[in-house]
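Scroll down for the structure; my scribbles are underneath it.
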Amino acid sequence: MGFTTLIDIVGSIIIGGILMMMAWRLSDASTEKTYNNSGELSVQQNLLTVAQMVEFDFRKIGFCNSWDVIIDPRTNVTFKSTDAIVSADSTSIKFYTDLYPYDGNLDSIRYYLGPKSECSSTPNPRDRLLYRVENNEAPAKSNLGVTQFRMTYYDVNDDTIPTPVTTRGLIKSIEINITVENVAAYDEKYTNAFWKQIRLASRNVSRAKTL
């Protein structure tokens, strides 16, 4: 084998390696783009699901079909919508409402964010379970990649109320912040989507505070 032939072989190997590297990078980039596009769609859909559920429930805080005959189980007196929020913290809340079929019975809903340790089996280190509890039923958990579920509370003067809120009837409006990420991501590049409801106020609570 001549020296020229050896040079040709070495050159072919080098060029072949470069071409293979380029092909691998193109394939990797295409896979990443496909994965990210799919992940973005999934994240947007999951965020929409969570946001619609939360907003629907929160707008019914204090609602009762027959408020004048409902007894508050904590005081054994007629229910007042100003007392609709039972407990409120930065990542959890419990309130009274009248759930479908709106039979006039006082129901309760509780939302709270679970610890990160519950999702230790998923690749995303930040995702957590969001729980929703109706009355005394078993908690319903939502595993949709929620990484943030945080609430800020405001009084009648639009001043921030420290959490946990200890004074009943003090809350006039609530700011809700929700962030959702994909549970798994390509090369640990997670896609996220953010939803913020500024100063959501239940008409029932607001109306009661003006009486």
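Okay, residues lined up against (1) touching a helix residue (DSSP H, G or I) at 6+ places or on another chain (Cβ under 7 Å); (2) modelled with pLDDT under 90; (3) exposed (fewer than 13 other Cβ atoms within 10 Å of the Cβ); (4) not in a loop (DSSP other than H, G, I, E, B):
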{"position": "Gly39", "(1), (2), (3), (4)": "no, yes, no, yes"}
{"position": "Asn46", "(1), (2), (3), (4)": "no, no, no, yes"}
{"position": "Asp57", "(1), (2), (3), (4)": "no, no, no, yes"}
{"position": "Lys60", "(1), (2), (3), (4)": "no, yes, no, no"}
{"position": "Ser66", "(1), (2), (3), (4)": "no, yes, no, no"}
{"position": "Tyr100", "(1), (2), (3), (4)": "no, yes, yes, no"}
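Provide a single number: the residues in the range 163-181 that are in a loop (DSSP other than H, G, I, E, B) and either at pLDDT 95 or above or in contact with a Cys (Cβ under 6 Å, 6 or more places away or on another chain) (or both). Before you say what the answer is, go through the steps one by one.
Step one: list which residues in the range 163-181 are in a loop (DSSP other than H, G, I, E, B), which gives 163-164, 166-172.
Going one step further and asking which of them are either at pLDDT 95 or above or in contact with a Cys (Cβ under 6 Å, 6 or more places away or on another chain) (or both), we end up with 163-164.
Count: 2.
Quick check on the range 113-129: of everything there that is without any contact (Cβ under 8 Å) to a residue 24 or more places away in the chain and among the hydroxyl-bearing types (Ser, Thr, Tyr), which residue is nearest to Phe58 (Cα to Cα)?
Looking at residues that are without any contact (Cβ under 8 Å) to a residue 24 or more places away in the chain and among the hydroxyl-bearing types (Ser, Thr, Tyr), I get Ser117.
I'd like the full set of residues that are open to solvent by less than 20 Å² (accessible area, probe 1.4 Å) and modelled with pLDDT of 90 or more, limited to the range 182-211.
Ala193
Within the range 147-154, can one find any residue that is open to solvent by 30 Å² or more (accessible area, probe 1.4 Å), of a type in the set (Phe, Trp, Tyr) and modelled with pLDDT under 95?
no
Identify all residues within the range 93-134 that are of a type outside the set (D, E, K, R) and under 12 Å from the mean Cα position of the chain (by Cα); write none if there are none.
Tyr111, Tyr112, Leu113, Gly114, Leu129, Leu130, Tyr131
For the range 127-146, which residues satisfy the criterion of being surrounded by 14 or more Cβ atoms within 10 Å (Cβ to Cβ) and aliphatic (A, V, I, L, M)?
Leu129, Leu130, Val133, Leu144, Val146
The values are calculated or read from the model by the stated rules, or taken from the named source; none is laboratory data. Remember, it's a predicted structure, so these values are computed and weren't measured experimentally. Cβ coordinates were reconstructed from backbone atoms using ideal geometry, including for glycine residues, and neighbour counts include every protein chain displayed. Surface areas here come from the heavy atoms of the whole protein model, side chains and all, with no ligands, DNA or RNA. Shrake-Rupley method; radii C 1.70, N 1.55, O 1.52, S 1.80 Å.
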